[in-house]
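Every number here is computed from the coordinates shown, using simple stated rules; none is lab data. All values derive from a computational prediction rather than experimental measurement. Glycine gets a Cβ as well: all are built from the backbone with ideal geometry, and neighbour counts include every protein chain shown.
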Amino acid sequence: MPISRRNLILGGLAASSLSSLLVACGRNDEGVAVAPGPTAAGGGALTPTPACGDDGLTPAQTEGPFFTSGSPGKADLAADVSSGTRLALTGTVLTTRCQPVSRAKLDFWQADDEGEYDNRGFRLRGHVFTDEQGRYDLTTVVPGLYPGRTRHLHVTVQPPSGAELTTQLYFPGEAANARDGIYRPECELTMGPAAGDAKQASFTFVL
Ligand SMILES: [Fe+2]
């Protein structure tokens, strides 16, 4: 892969996510004294307290009513739509022993920027697999709000062996988070620096 600014940023995000994991496996970064992004990867503010135990498991969340099985392999969900703020999502899937989970299938589905799901086709639905280092990479758009819910992405994570995790990912700083009974702060994305009009985020799943 050629070295580009985007790759460096994404690499930094992944490293930042991994560093944060050492503090709180799969938990949100609230209270962790580190700014997300490339500068955090080598930052000295992290306390390397091992925490990849059962307490660090990514919480399961309800699947909700809009899951459709059989999604296509698709790393660029943004290509499905003509509107919405682009979101580059990267991260890692790890075990409770902090080992990367390769070939885990992450199946994403979400509302478009107007809060609508495609319940007939696979617009903004698709799956990707983790690489040998347990990393995944998805391009999508920031989902819109719909009644009763804060902004969120749905995802299932199926490791090659073991139980599937169904959960949801949230955006920090959303006013609607506090009004959503399903929202969990442990499932908040870590936002990276904006890249032009696009947003960048990372999340580490711990299975
Ligand atoms: Fe939803």
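Mean separation of Cα pairs under 8 Å and 6 or more residues apart, divided by the residue count, gives the range 153-207 a relative contact order of 24 percent.
Neighbour counts of C-beta atoms inside 10 Å place Y117, Y146 in the sequence Y146, Y117, starting with the fewest.
Amide H contacts for A104 (H built 1.01 Å from N in the peptide plane; partners 5 or more residues away or on another chain; cut-off under 5 Å): T130.
Electrostatic tally near S102: other residues with Cβ closer than 15 Å to its Cβ, Lys and Arg +1, Asp and Glu -1, net +1. What shape does the range 143-197 have by the C-alpha gyration tensor, where a ≥ b ≥ c are the square roots of the eigenvalues, rounded means a/c under 1.5, and otherwise prolate means a/b greater than b/c and oblate the rest? Cα axes put the range 143-197 in the oblate bin. List the residues, sorted by chain then number, that are 5 or more residues from D113 or on another chain and whose placed amide H is less than 5 Å from its amide H. For D113, whose amide H was placed from the backbone, the distant partners under 5 Å are G144. With neighbour counts taken as other beta-carbon atoms within 10 Å, the residues Y136, Y183 rank, fewest first, as Y183, Y136.
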